[in-house]
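Chemist: Handing you this structure, nothing more for now.
The values are calculated or read from the model by the stated rules, or taken from the named source; none is laboratory data. All figures in this text were calculated on a predicted structure; none of them were measured in a lab. Here the Cβ positions follow ideal geometry from the backbone for every residue, glycine too, while neighbour counts run over all protein chains shown. What goes into the accessible areas is simple: the full protein's heavy atoms, side chains included, and nothing from ligands, DNA or RNA. Shrake-Rupley method; radii C 1.70, N 1.55, O 1.52, S 1.80 Å.
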Amino acid sequence: YQWYSNAIATNTGGTSLAVANGAQTASYTPQTTTAGTLYYYCIVGGTCGSATSAASGAFIVNPATSISSQSTATQTQCIGGSFTAISVIATGTAPLTYQWYSNASASNSGGTLITGAISANYIPSASVSGTLYYYCIVHSTCGADITSAISGAFIVNALPTITVGSIASVCEGVNSFSLPYTATSGTPTSYSITVGSPAMPGFTVVTNAFLAASPLAILIPTTTLKGNYQFNMVVKNANGCSSTGNLFNLTVSPLPVTGPLYRKPNQ
């Protein structure tokens with residue numbers, strides 16, 4: 001007996017199989033190590049000649065699930081930012097299904113299933129500060145599920161905050177006012193101030209100035225007339241994250257008006 005394999009359904013021109021798996025006996029067990037379709041036939045020899053069997057039916061080996069490429073780079077954002085999508089490229093017997101998981105540690109097991117994350121691509125959320133890792137489990141109709149390697153760290157930095165204190169009014173002609181603040185979080189290191197509405201004419205905006213201890217001395221034009229002026233303050237931390245705006249108002253009071261000196265005549 002000698003068994004042959006063939007890529008087409010014919011009993012000629014095939015490839016002779018080695019002795020393993022009964023290829024030189026009356027029975028042969030086809031192998032499943034390589035995806036594809038093969039046909040088999042056997043030539044039986046004897047003292048009075050040989051005979052060739054008909055070609056077998058198709059022996060179809062479906063591809064097992066595998067992952068050929070995946071995202072492993074680390075990404076960093078501030079709360080409210082947008083991460084770039086991560087993805088896996090998988091092959092296997094269709095249909096392929098995907099399920100993404102998050103994990104607080106750099107491990108591709110024991111994570112938390114992410115509801116609705118069932119495609120080859122996933123965009124992690126940047127809505128909560130902290131660090132998470134991600135991985136994907138791919139399933140097909142043939143073979144065991146395959147788990148991707150763990151992603152790089154996805155770091156979400158908190159936004160800094162600041163609370164502006166009560167601001168005392170100033171008189172016309174002064175060149176600065178005192179800006180007290182309290183209750184910072186997220187370690188702000190710099191601040192910026194822009195005008196609001198109504199705007200103070202001639203005010204020079206402050207951009208990424210060092211956040212010194214409270215109170216801050218903020219310069220204003222000495223030509224500022226009496227009125228109520230609005231400003232917006234934003235702080236930034238070393239991670240490059242900026243706070244939401246903090247509106248505050250400054251009142252500029254008029255100088256007192258004095259008349260001419262009057263002297264009562266001597267009686």
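Chemist: Suppose we filter ALA217, ALA213 for residues that are at pLDDT 95 or above and within 22 Å of GLY186 (Cα to Cα); which single one remains?
Modeler: Values: ALA217 fails: within 22 Å of GLY186 (Cα to Cα).
The conditions single out ALA213.
Chemist: Within the range 30-49, work out how many residues are among the polar types (S, T, N, Q) and modelled with pLDDT of 95 or more.
Modeler: 1
Chemist: Can you confirm whether the range 176-185 contains a residue that is at pLDDT 95 or above and in a loop (DSSP other than H, G, I, E, B)?
Modeler: Of the residues in the range 176-185, the ones at pLDDT 95 or above are 176-181.
This time we only want the ones that are in a loop (DSSP other than H, G, I, E, B), so: 180.
Taking every residue of the range 176-185 in turn, at least one turns out to be at pLDDT 95 or above and in a loop (DSSP other than H, G, I, E, B).
Chemist: Out of all the residues in the range 85-139, which are outside any loop (DSSP other than H, G, I, E, B), over 30 Å from GLY36 (Cβ atoms), of a type in the set (A, V, I, L, M) and open to solvent by 30 Å² or more (accessible area, probe 1.4 Å)?
Modeler: Of everything in the range 85-139, those that are outside any loop (DSSP other than H, G, I, E, B), over 30 Å from GLY36 (Cβ atoms), of a type in the set (A, V, I, L, M) and open to solvent by 30 Å² or more (accessible area, probe 1.4 Å) turn out to be LEU113, LEU132.
Chemist: Now for a different question. Scan the range 166-181 for residues that are touching a Leu at 6+ places or on another chain (Cβ under 8 Å) and of a type in the set (Gly, Ala, Ser) and jot them down.
Modeler: SER169, GLY173, SER176, SER178
Chemist: Being in a loop (DSSP other than H, G, I, E, B) and not hydroxyl-bearing (Ser, Thr, Tyr) is the filter here, so list the residues in the range 2-11 that pass it.
Modeler: Taking the range 2-11 first, the residues in a loop (DSSP other than H, G, I, E, B) are 7-11.
Within the range 2-11, ALA7, ILE8, ALA9, ASN11 meet the criteria.
Chemist: Here's a follow-up. Answer with yes or no whether ALA90 is small (Gly, Ala, Ser) and under 49 Å from the mean Cα position of the chain (by Cα).
Modeler: Values: small (Gly, Ala, Ser): yes; under 49 Å from the mean Cα position of the chain (by Cα): yes.
The answer is yes for ALA90.
Chemist: Which one of these does THR204 not meet: (1) under 25 Å from CYS241 (Cα atoms); (2) under 30 Å from the mean Cα position of the chain (by Cα)?
Modeler: (2)
Chemist: Do you know which of the residues in the range 146-186 that are in contact with a Gly (Cβ under 9 Å, 6 or more places away or on another chain) and among the hydroxyl-bearing types (Ser, Thr, Tyr) is surrounded by the most Cβ atoms within 10 Å (Cβ to Cβ)?
Modeler: TYR181
Chemist: Residues of the range 189-221 being on the phi > 0 side of the Ramachandran plot and either small (Gly, Ala, Ser) or not in a strand (DSSP E or B) (or both), which ones? Walk me through it before giving the result.
Modeler: Kept after step one, since they are on the phi > 0 side of the Ramachandran plot, are these residues of the range 189-221: 202, 208.
If the condition is that a residue be on the phi > 0 side of the Ramachandran plot and either small (Gly, Ala, Ser) or not in a strand (DSSP E or B) (or both), then GLY202 is the only one that fits.
Chemist: Can you tell me which residue within the range 12-30, out of those that are free of Cβ contacts under 8 Å to residues at least 24 places away in the same chain and in a loop (DSSP other than H, G, I, E, B), is least open to solvent (accessible area, probe 1.4 Å)?
Modeler: Within the range 12-30, the first condition is being free of Cβ contacts under 8 Å to residues at least 24 places away in the same chain, and the residues that meet it are 13, 15-24, 27, 29.
Filter again for in a loop (DSSP other than H, G, I, E, B), leaving 13, 17-19, 23-24, 27, 29.
Numbers: GLY13: 74, LEU17: 32, ALA18: 73, VAL19: 101, ALA23: 0, GLN24: 93, SER27: 84, THR29: 88 Å².
Residue satisfying both the conditions and the ranking: ALA23.
Chemist: Same structure, new question: Those residues that are open to solvent by 60 Å² or more (accessible area, probe 1.4 Å) and of a type in the set (Val, Ile, Thr), I need them from the range 1-11; list them, please.
Modeler: The one that is open to solvent by 60 Å² or more (accessible area, probe 1.4 Å) and of a type in the set (Val, Ile, Thr): ILE8.
Chemist: Could I ask something else about it? Pick from ASN228, ASN237, ASN208: which is over 23 Å from CYS78 (Cα atoms) and modelled with pLDDT of 95 or more?
Modeler: On the way: ASN237 fails: over 23 Å from CYS78 (Cα atoms); ASN208 fails: over 23 Å from CYS78 (Cα atoms).
One residue alone meets the criteria, ASN228.
Chemist: Still on this model: Any residue in the range 143-156 that is among the hydrophobic types (A, V, I, L, M, F, W, C) and within 30 Å of ASN232 (Cα to Cα)? Spell out how you get there, then give the answer.
Modeler: To start, the set of residues in the range 143-156 that are among the hydrophobic types (A, V, I, L, M, F, W, C) comprises 144, 146, 149-150, 153-156.
So of that shortlist, the ones also within 30 Å of ASN232 (Cα to Cα) come out as 155-156.
Yes, the range 143-156 contains a residue that is among the hydrophobic types (A, V, I, L, M, F, W, C) and within 30 Å of ASN232 (Cα to Cα).
Chemist: Of everything in the range 40-84, what is part of a loop (DSSP other than H, G, I, E, B) and either free of Cβ contacts under 8 Å to residues at least 12 places away in the same chain or among the charged types (D, E, K, R) (or both)? Give them in sequence order.
Modeler: At the first step, the residues of the range 40-84 found to be part of a loop (DSSP other than H, G, I, E, B) are 47-48, 53-58, 62-65, 71-74, 79-84.
Result: THR47, CYS48.
Chemist: Residues in the range 142-175 that are hydroxyl-bearing (Ser, Thr, Tyr) and not in a strand (DSSP E or B): how many?
Modeler: Quick first cut of the range 142-175, residues hydroxyl-bearing (Ser, Thr, Tyr) only: 147-148, 151, 161, 163, 166, 169.
Okay, now just the ones that are also not in a strand (DSSP E or B), so 148, 151, 166, 169.
Total satisfying the criteria: 4.
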